[in-house]
Amino acid sequence: MRLAVLTFVCVLAQFTVAQNTPSFLRDLSDSDFAALKTQADKGDPEAQFQVALAYAYGASVPRNDVSALQWLSRSANAGFAPAMANLGLMYQEGRSVPADQNLALQWIQKAADRRDPEGEFFLAHTYEEGIGIPRDASKAAEWYRRALDDGNIPVSVNLGLLYLEGEGVPKDPREAVRLFRIGAEAGLAKAQTNLGRMYYDGNGLEQDYAKAIMWLTRAADQGAAIAQSNMAVMYLEGRGVLRDPVEAYKWFLLAREDDDAAARAIPVLNRELTSAQQREGERRAQVWAKAHAAGGNNLADEILSAVEESQQKEQKKPSENVNSFPAPQPK
């Protein structure tokens, strides 16, 4: 039976200096925003940038991309590098403005030249994907490295993948491991997922299934779907853990909303597990989702709803021997 293979993940360019809502916006009150806007109206470029973020995220004000663009433009034209980077990304994506790759590159390049870590990241991503310019993995690696040197830890994932594949740089799994570890130790789920995969393969370091499970668990507990699917594969194989098809089923259930491989694996497992085993897997997934939803994990809330819906649709099957589940075959 062939179900899934372990997978690598990368970091994508996203609007603003944080991949999630910037921390200062989470508790931004109406009075805080009013004070911020007063400073912005006086010409403070950093305040203008923060007002733009408030509009972009709908923090204390209704979300309004047009207003975000206007404030970003004011801040960028005043020379504030983070605004330049994000204004370039808005032109690149055509967000509230017609897409213009020339303008996008100009603003992103200006930010990168000022050693703005996000600008360097966006420029590297632009070269790696060939957005409006010829694809150039070598330049992408150069700018990812600069971004990392300037404190942008998430790009360690992207740069690590370039070294893993030998794109734009000499192929070097050991360097990939070193870079993934930087992000993993900083708590980045994507880096933890990739480091876990390297331990699983024994690529660039000694194979160690226990450490693979350790890093994948850290990522999976953050709601990282690829890590959850990879955990499921390891429980099916019994590598680094006791073989447990029910635990594998649990992790596939948790991953299915964001990972197609997990969604495809579930019907296969449904044919192999007894109804009792399926119910136990659903129960475990529900326990995990409830525990993480209590910690403020929005993804866990979505997973919990999906699991409960699955339980309502459950079809009863005759009981089968728990030992009838066959070992998966490697792809």
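The values are calculated or read from the model by the stated rules, or taken from the named source; none is laboratory data. Please read all numbers here as calculations on a predicted model, not as lab measurements. A quick note on method: Cβ atoms are made from the backbone with ideal geometry, for glycine too, and the neighbour counts reach across all protein chains shown.
Worth a mention:
Okay, residues lined up against (1) assigned to a helix (DSSP H, G or I); (2) within 21 Å of the chain's Cα centre (by Cα); (3) at pLDDT 95 or above; (4) within 24 Å of P170 (Cα to Cα):
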{"site": "Q106", "(1), (2), (3), (4)": "yes, no, yes, no"}
{"site": "F121", "(1), (2), (3), (4)": "yes, yes, yes, yes"}
{"site": "H125", "(1), (2), (3), (4)": "yes, yes, yes, yes"}
{"site": "R135", "(1), (2), (3), (4)": "no, no, yes, yes"}
{"site": "R145", "(1), (2), (3), (4)": "yes, yes, yes, yes"}
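- From the list D259, D301, the one residue that fits, being at pLDDT below 95 and buried (at least 21 other Cβ atoms within 10 Å of the Cβ), is D259.
- Candidate set from region 197-213 (those that are surrounded by 21 or more Cβ atoms within 10 Å (Cβ to Cβ) and in contact (Cβ under 8 Å) with a residue 60 or more places away in the chain); member that is farthest from V157 (Cα to Cα): Y200
- Pairs where the first residue, in region 36-50, is outside any helix (DSSP H, G or I) and the second is of a type outside the set (K, R), C-beta under 8 Å, 6+ apart: G43/A78
- Enumeration of residues in region 228-277 that are touching a Ser or Thr at 6+ places or on another chain (Cβ under 6 Å) and not in a helix (DSSP H, G or I): D259, T274
- Test: L253 is without any contact (Cβ under 8 Å) to a residue 60 or more places away in the chain, hydrophobic (A, V, I, L, M, F, W, C) and under 24 Å from L159 (Cβ atoms): no
- Residue match in region 177-190 (condition: over 19 Å from Q222 (Cα atoms) and either of a type in the set (A, V, I, L, M) or in contact with a helix residue (DSSP H, G or I) (Cβ under 7 Å, 6 or more places away or on another chain) (or both)): yes
Okay, residues lined up against (1) modelled with pLDDT under 95; (2) small (G, A, S); (3) over 21 Å from G132 (Cα atoms):
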| residue | (1), (2), (3) |
| --- | --- |
| A59 | yes, yes, yes |
| N64 | yes, no, yes |
| W71 | no, no, yes |
| G94 | yes, yes, no |
| V97 | yes, no, no |
| Q101 | no, no, no |
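- Candidate set: region 94-104, residues that are free of Cβ contacts under 8 Å to residues at least 40 places away in the same chain and within 24 Å of the chain's Cα centre (by Cα); chosen: the one surrounded by the most Cβ atoms within 10 Å (Cβ to Cβ): A104
- Qualifying positions in region 168-210 - under 20 Å from the mean Cα position of the chain (by Cα) and at positive phi: G187
- Number of the condition not met by A212 [criteria: (1) of a type in the set (G, A, S); (2) more than 29 Å from E247 (Cα to Cα); (3) in a helix (DSSP H, G or I)]: (2)
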